[in-house]
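The values are calculated or read from the model by the stated rules, or taken from the named source; none is laboratory data. This one's a predicted model, so the numbers in the text were calculated from it and none came from an experiment. Cβ atoms come from the backbone with ideal geometry, glycine included; neighbour counts cover every protein chain shown. Please note that ligands, DNA and RNA were not included when accessible areas were found on the heavy atoms of the full protein model with its side chains. Shrake-Rupley method; radii C 1.70, N 1.55, O 1.52, S 1.80 Å.
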Amino acid sequence: MTNRADVVVVGGGQAGLAAGYHLRRRGLDFVILDADPAPGGSWRHMWDSLHLFSPAEYSSLPGRLMPAQAGETYPDAGHVVDYLADYEKRYDLPVQHNTRVDAVRRDDDRLLVEADTGTWRARAVISATGTWSRPFLPAIPGRSTFAGRQLHTVNYRSPSDFAGQRVVVVGGGNSGAQIAADLALDGRVEVRWVTQRPPRFLADDIDGRALFDVATARRRALDSGRSDTGGVASLGDIVVVPPVRTARGAGLLAVKPMFSRLTADGVRWEDGSQSGADAVIWSTGFRPALSHLAPLNLRGPRGHIPTAGTRARVEARLHLLGYGDWTGPASATLIGVGRPARDAAREIGALCGRK
């Protein structure tokens, strides 16, 4: 049997929940299909010490302020999971967990959403699967010969897993800096932090509040035909959260240029010297998790699907939400996803005749 709905939302993390909030306000019939067994999206899988870049009141989804976490200016990942679980329950959002979507196909005037629990026929689809399930690993010479442990950011949990070991952390973004700081501050791990270019730290007083404002100002400038302000990228790459500030101040975040290759027992540097390593942590980013949309044949440059706002340019029944600035300014953040979610719901409401 094929199920029917006005809208199927693929993904039940922060972007999917924000979409659900606005779809309900439009009076649309919808379902949210989520692969995880419980609420929280990617926040359920973060490392133990991770904290938000912003205070709770600046990290909220539409309609419900995130409560402050006792004793913390910047809430931890567990607090975010609790907030998202409460949000899902508070608005009685129709999330079906443990449901993996395999494909979205065209079916006459509808889109057919094929999941491992059944098939849905919808007038519109919002893809909100994020990037966490698609970690990127660079093609580095010797990677297959390294005898130590290799893992990506998605697999990192705590320094206790590396006590007494030599660890190379690769990546000059927030994840790389935070994991390097986490390991260095623990004191039981010998850490080398490696980046392709010198790390660019934002000013110490900049957090997620300012980043959202900067991203929004850039989008408004571009939309109005004014010059590109450069957005967040013009400020730097790394938000100096308290652990990063502490580790940097203690001289524990010395950085080395990227090594030339991995060897069986470590890394070889550009000058030919070698260093032993027991583990390499690749904090090298992610790619959009869009394999379920492959049957629609919409991919453009860099693996992105060209969009106008959140709407796919050549498939008006499909909206993409929460993957980055190409699907709305700051849409991959808690505070930033609300506005593009509202816009997507408004366009879908018009498509379904419910303005």
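Tell me the angle of helix 14-25 to the major Cα principal axis of the chain, expressed in degrees between 0 and 90 and rounded to the nearest ten.
Tilt of helix 14-25: around 20 degrees.
Along the Cα→Cβ direction, 7 angstrom out, place labels at Arg197 and Ala264. What is the inter-label distance in nm?
3.7 nm
Can you give the net charge of the other residues whose Cβ lies under 15 Å from the Cβ of Gly276, counting K and R as +1 and D and E as -1? Can you show the working numbers first?
On the way: positive: Arg149, Arg166, Arg192, Lys256, Arg261, Arg268; negative: Glu190, Asp265, Asp278.
Here the count lands on +3.
Between Leu137 and Thr246, what is the label-to-label distance in nm when each label sits 7 Å out along the Cα-to-Cβ direction?
3.2 nm
Would any residue of region 54-87 have its amide N under 20 Å from a label point 7 Å out along Cα→Cβ of Ala38? List them or say none.
67, 69-70, 75-87
Given a cut-off of under 8 Å on Cα pairs at least six residues apart, what relative contact order in percent is computed for region 23-109?
Values: 96 pairs, mean separation 37.3, N = 87.
43 percent.
On the protein heavy atoms, probe 1.4 angstrom, tell me the percent of accessible surface of the chain carried by carbon and sulfur. Don't skip to the end; give the middle numbers.
Working: 7500 of 15950 Å².
The value for the chain is 47 percent carbon and sulfur by accessible area.
With angles folded into 0 to 90 degrees, how steeply does helix 208-223 sit against the dominant principal axis of the chain? Use alpha carbons for both and round to 10.
Taking Cα atoms only, the helix is inclined about 60 degrees.
Excluding Glu315 itself, what net charge comes from residues whose Cβ is under 15 Å from its Cβ, given Lys and Arg +1 and Asp and Glu -1? Before the final figure, lay out each step's value.
Working: positive: Arg105, Arg106, Arg110, Arg123, Arg299, Arg311, Arg313, Arg317; negative: Asp107, Asp108, Asp109, Glu347.
Net charge around Glu315: +4.
For the chain, what does the helix formula give at 222 nm: sum of -39500 (n - 2.57) over DSSP H segments with n ≥ 4, over the residue count, nearest 500 deg cm²/dmol?
Working: 6 runs with 77 residues, N = 355.
So the helix-based figure for the chain works out to -7000 deg cm²/dmol.
What is the chain's relative contact order, in percent, from Cα pairs under 8 angstrom and six or more apart in sequence? Let's see the in-between values first.
Values: 749 pairs, mean separation 80.0, N = 355.
After rounding, I find 23 percent.
Could you work out how far helix 338-351 tilts from the main Cα principal axis of the chain, as a 0 to 90 degree angle to the nearest 10?
Approximately 30 degrees, to the nearest ten.
Post the alpha-carbon centroid distance, region 39-62 to region 13-33, in whole angstrom.
With region 39-62 and region 13-33 each reduced to a Cα centre, they are spaced 20 Å.
So, with +1 on the Cβ of K and R and -1 on the Cβ of D and E, and no other charges, what is the size of the charge dipole of the chain about its Cα centre, to the nearest 20 debye? Spell out each step's value before the answer.
Values: 44 positive and 37 negative charges, 218 e Å.
For the chain, the charge dipole is close to 1040 debye.
Would you mind working out the accessible area per residue for the chain, using a 1.4 Å probe, and quoting it in Å²?
Values: 15950 Å² over 355 residues.
Normalised by residue count, the accessible surface of the chain is 45 Å².
Which of Ser291, Ser175, Ser59 ends up with the largest GNM mean-square fluctuation for the chain, with Cα atoms connected below 10 Å?
Fluctuation is largest for Ser291.
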